[in-house]
1. Does V199 satisfy the condition of being under 30 Å from N49 (Cβ atoms) and either more than 22 Å from the chain's Cα centre (by Cα) or not β-branched (V, I, T) (or both)?
2. Touching a strand residue (DSSP E or B) at 6+ places or on another chain (Cβ under 7 Å) and acidic (D, E): is that true of E255 in this structure?
3. Among all residue pairs at least 6 apart or on different chains, which show Cβ distances below 6 Å where the first residue, located in the range 120-138, is over 30 Å from E151 (Cβ atoms) and the second is in a loop (DSSP other than H, G, I, E, B)?
4. Working only within the range 200-226, note down all residues that are part of a strand (DSSP E or B) and surrounded by 10 or more Cβ atoms within 10 Å (Cβ to Cβ).
5. So, in the range 37-77, of the ones that are polar (S, T, N, Q) and modelled with pLDDT under 50, which residue ends up surrounded by the most Cβ atoms within 10 Å (Cβ to Cβ)?
6. Mind checking whether some residue in the range 149-170 is at pLDDT 95 or above, outside any strand (DSSP E or B) and surrounded by fewer than 12 Cβ atoms within 10 Å (Cβ to Cβ)?
Amino acid sequence: MNDRPHVKLSPTGKTRVGVVALLAMISSSSAYAQAVAAPQIAIPALASNLSINPKRITFAGLGKAATISVYNQGAAGRFDVELVDRIMLPDGQIISASDAASKPELKAELDRLKSARTLIVTTPRRLQLAASSGQVIRVRAAATADIAPGEYRTHLTVTGLPPADAGLTADDAAAKAPGQLSFRINSVLGISIPVIIRVGPIDVRAGIEHATVAVESVSPDGRAAPVPTAILSLELVRQGPNSLFGDLEIRGAKEGGSQPPLGIVRSIGVYPEIERRFVKIPLRRIPAAGERIDIQFRDDDIHPGAVLAKVSLSAP
């Protein structure tokens, strides 16, 4: 999993609870289930398809500013702009701090998060975008703050709002046959990018540990029948106090020079709340037994292109 803007698609909370309650009530009472027609669920298509650039903002100190371009490739819509604290898990998942707070097993990661939410100001906070149009969001870090050296982070999140006519009208409800259930699920699309403030010295160092190659049965696209595929597993280790951000590149005996790599993951990160990230990378071919496999992690942050970590292994 890389760290390009992450997208979350889910029903709005209030509707979701109502749907679950209705389905539970129907399934728990056969008499009630026989008395009503099957519920009709309308799930409208997403109203928008957003792109955002850049994919990440890093401020070297306070008092800095930047701009973000948001482009709406879909239908016209309204969008909220907010700052949401999120944490990274060792498998690369990124979840909201509010969700993590309800899971005791994530307390250590949550405690390590240094939030930048109160240090960042964004304008505007609401976007109204026509189809095939864009707008700029201004992002500014506080000029001064009494904070200790370290890396602070929050996530700028742009969330599509359901259209005002998304729900059932009184006429719609009245037109339904007696005993017929009808409800609507409104999906919400959100896209986030990290906003980072680094205060004090910056120390970005990385390591690669426990690299292995194994052949697994994997579907090429999630739908086709599984085929034997070489999978490289490794742990990308953050050795300095600051986050990592860069590209993992794998080459074998046939991938020298200008040849395409055996495998690559771009824009992968390790945030300060975790020390290591577990990564699995499908390879383009199955390496020969004993073939040398070279793995490099290249920085795309402080010193773009610099090799921060490398390791070699022999294919089994």
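1. Spelling it out, it is not the case that V199 is under 30 Å from N49 (Cβ atoms) and either more than 22 Å from the chain's Cα centre (by Cα) or not β-branched (V, I, T) (or both).
2. no
3. A130/A76; A131/A75; A131/A76
4. Answer for the range 200-226, where residues must be part of a strand (DSSP E or B) and surrounded by 10 or more Cβ atoms within 10 Å (Cβ to Cβ): A206, G207, I208, E209, H210, A211, T212, V213, A214, V215, E216, V218.
5. Taking the candidates together, the pick is S48.
6. Yes, the conditions are met somewhere in the range 149-170.
The values are calculated or read from the model by the stated rules, or taken from the named source; none is laboratory data. What you see is a predicted model; the values in this text were computed from it and never measured. Note that we place each Cβ from the backbone using ideal geometry, even for glycine, and neighbour counts take in every protein chain shown.
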